[in-house]
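To start, the structure under review is shown below, and the notes come after it.
Every number in this text was worked out from the coordinates using simple rules, so none of it is lab data. Everything numeric in this text was worked out from a predicted model, so none of it was measured. Here the Cβ positions follow ideal geometry from the backbone for every residue, glycine too, while neighbour counts run over all protein chains shown.
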Amino acid sequence: MQKLAIQGGNPLQGEVRISGAKNAALPIMCASLLTAETLRLTNLPDLHDVGTMRKLLQQMGITAKSATGEITFKGDKVENWEAPYDMVKTMRAAILVLGPLVTRFGDARVSLPGGCAIGSRPVDLHIKGLQAMGAEISIEHGYIHAKAKRLKGARIFFDIVSVTGTENLMMSAALADGVTVLENSAREPEVVDLANCLRAMGAKISGDGTDAITITGVEKLHGAHHRIMPDRIESGTFLVAATATGGSITLRETRADILETVLEKLTEAGAKIKVSGDSIHLEMNGRPKAVNVRTAPHPAFPTDMQAQFMALNCIAEGSAIVIETIFENRFMHVQELRRLGAHIDVEGNTSVVRGVDHLEGATVMATDLRASACLVIAGLVAQGETVIDRIYHLDRGYEHIEAKLSQLGANIRRL
Ligand code: EPZ
């Protein structure tokens, strides 16, 4: 098991380039199943999950030619319409091949994703939507088996906002017969990036970014080139780290318009933020003020930034309330933060964090992707050395994080 060792106390200074968004790249890679022509994706992040998704698509018959930060896919020889358990269990986003397989080939066998650390994370809304479009779905031996001669457009209402549910059904509807309306759909920027890529492939989609998306099915989709949008969660993570360490950093090749609630909260914590073009500059002097956080679907505060703000609140002036409304078990980082000396009380989906003037380094364990990022931030501010175990979680979602942090002056090394 690889570990990260961090000596706390260095304010982050300097510039860092933001990578392409993991949560845009994963669904967009699955769009390669929707056409027999080539789909060229650039600004792809070099992440474990991107590698896993590439392997999954290749074993289905997609050809994938990789170069630095880009992959060119071709879907003219897809014969194996299956996503096996051993691939799905390590990466839930594999469920995103279900819709494309059913709508292009009329047949799919995708392993039910297991639960994961942050919650049970069912896929019932994905299945219900496909059934509404005419797919026959049976669940046997832990596999979803979906069949359809040709999917039909339908009006689908999400009783819970689901990001990958919206993405799966948007891809399914792109080749269906007729018009599909997705109501109470996810408004995340990654959904819009997928819609942009599908439109470049010839899909007819409108309303993405709102809570009602209309897709008019077409007979075929053609190849395209798409540049993956910047990662707003990586951006937010670096900005929180700079705020917590009292630093001064500039993010390059990012976007501020997809981070508004995060930038607002950091300003409330006392950071000075300047945006110019695709750069965000953040300056932080002195101790941050505690800020309340309540997660909810975009454009509200993102659940993927909750753990990072918990770390910031641990050393902030005052107390803060952190409410997690998306996942039922996304406070695993609390136990680990307590080992570093944090004062946090948890009651159901609400945590109360009372800022202490310093944390003390210790050995802690990462439990999920964003909890790992939270522990890195805590390690950057703690006195002494913090060792974080099980950092494979971190490698799933952050491209070369210790190299980027070292470049910003952090004292961090991989053991
Ligand atoms: C996406 O997960 C992201 N992953 C997650 O990022 C992110 O935390 C989450 O959206 C919320 O923003 C990718 O995009 C690959 P949901 P997803 O379906 O789509 C319930 C990270 O750190 N639900 O929006 O799986 C579900 O249990 C990851 O990068 C159902 O009940 O999340 C949850 O409580 C972690 N039935 C809520 O909806 C369903 O069929 C939101 O889940 C689907 C979801």
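Give me the distance between the Cα centres of segment 330-401 and segment 1-62, rounded to whole Å.
Taking the Cα centre of each part, segment 330-401 and segment 1-62 sit 23 Å apart.
For the modelled label position 7 Å from the Cα of T42 along Cα-to-Cβ, which residues of segment 212-247 have backbone nitrogen atoms closer than 15 Å?
224-230
Would you work out the relative contact order for the chain, in percent, from Cα pairs under 8 angstrom that are 6 or more residues apart?
Normalised by residue count, the contact order of the chain is 21 percent.
Filter the trypsin sites (Lys or Arg not before Pro) in segment 142-222 to those in DSSP coil with at most 11 other Cβ atoms within 10 Å of their Cβ, and list the result.
Sites meeting the loop and neighbour criteria: K149.
What is the dipole size for the chain, taken about its Cα centre, with +1 at each Lys and Arg Cβ and -1 at each Asp and Glu Cβ, in debye to the nearest 20?
Roughly 620 debye, rounded to the nearest 20.
If each residue's Cβ is checked for other Cβ atoms within 10 Å, how do S19, S111, S279 rank with the fewest at the top?
By the 10 Å Cβ count, ascending: S279, S111, S19.
Work from the charge dipole of segment 1-142 (Cβ charges, +1 for Lys and Arg, -1 for Asp and Glu, about the Cα centre) and give the residue of L4, I127, G61 farthest towards its positive end.
L4
Only helices at least 20 Å long along their axis, Cα-based, and averaging 1.6 or more on Kyte-Doolittle count here, so list those DSSP H runs from the chain.
none
Is there a quick way to get the dipole size of segment 81-123? I mean about its Cα centre, with the Cβ of Lys and Arg at +1 and of Asp and Glu at -1; what is the value in debye to the nearest 20?
Roughly 140 debye, rounded to the nearest 20.
How would you rank 96-105, 42-51, 115-124, highest first, on the average number of other Cβ atoms within 10 Å across their residues?
96-105, 42-51, 115-124
Given the -39500 (n - 2.57) contribution per DSSP H run of 4+ residues, what per-residue ellipticity at 222 nm results for the chain, rounded to the nearest 500 deg cm²/dmol?
Taking each H run of at least 4 residues, the total per residue is -9000 deg cm²/dmol.
If you place +1 on the Cβ of every Lys and Arg, -1 on the Cβ of every Asp and Glu, and leave all else neutral, what size is the dipole of segment 244-379 about its Cα centre, to the nearest 20 Debye?
220 debye
For the chain, with the dipole built from +1 on Lys and Arg beta-carbon atoms and -1 on Asp and Glu ones, taken about the Cα centre, which of I156, I344, L375 lies farthest toward the positive end?
Highest projection toward the positive end goes to I156.
Taking Cα pairs under 8 Å and at least six residues apart, what relative contact order does segment 302-415 come out at, in percent?
25 percent
With point charges of +1 on the Cβ of Lys and Arg and -1 on the Cβ of Asp and Glu, referenced to the Cα centre of the chain, which listed residue (H358, P27, S279) lies farthest in the positive direction of the dipole?
Looking along the dipole axis, the top candidate is P27.
With 10 angstrom as the radius, rank V262, V387 by how many other C-beta atoms surround their C-beta, starting from the fewest.
Exposure proxy ranking, most exposed first: V387, V262.
If you rank T367, T166 by fewest surrounding Cβ atoms within 10 Å, what's the result?
T367, T166
Within the chain, what percent of beta bridges assigned by DSSP are antiparallel, to the nearest 5?
Roughly 70 percent of the beta bridges in the chain run antiparallel, per DSSP.
Mind scanning K74/K147; K65/K152; K65/K204; K89/K149; K55/K89 and naming the pairs with a C-alpha gap bigger than 25 Å?
Checking Cα-Cα distances, K65/K152; K65/K204; K89/K149 exceed 25 Å.
Roughly what % antiparallel, to the nearest 5, for the DSSP beta bridges in segment 336-415?
Close to 55 percent.
For K272, which lysines qualify as cross-link partners when the Cα separation must be under 20 Å and same-chain residues fewer than eight apart are set aside?
Qualifying lysines at Cα under 20 Å: K289.
Give the Kirkwood hydrodynamic radius (Å, one decimal) of segment 90-159, defined as one over the mean of 1/r across all pairs of different Cα atoms.
For segment 90-159, inverting the mean 1/r across all distinct Cα pairs yields 12.5 Å.
Can you tell me how segment 154-218 classifies by the Cα gyration tensor, rounded, prolate or oblate, using a/c under 1.5 as the rounded cut?
In terms of gyration-tensor shape, oblate.
Relative to the compact globular guide of 2.2 N^0.38 Å, what is the alpha carbon radius of gyration of segment 112-198, as a ratio?
1.10
In segment 136-249, what % of DSSP beta bridges are antiparallel (nearest 5)?
75 percent
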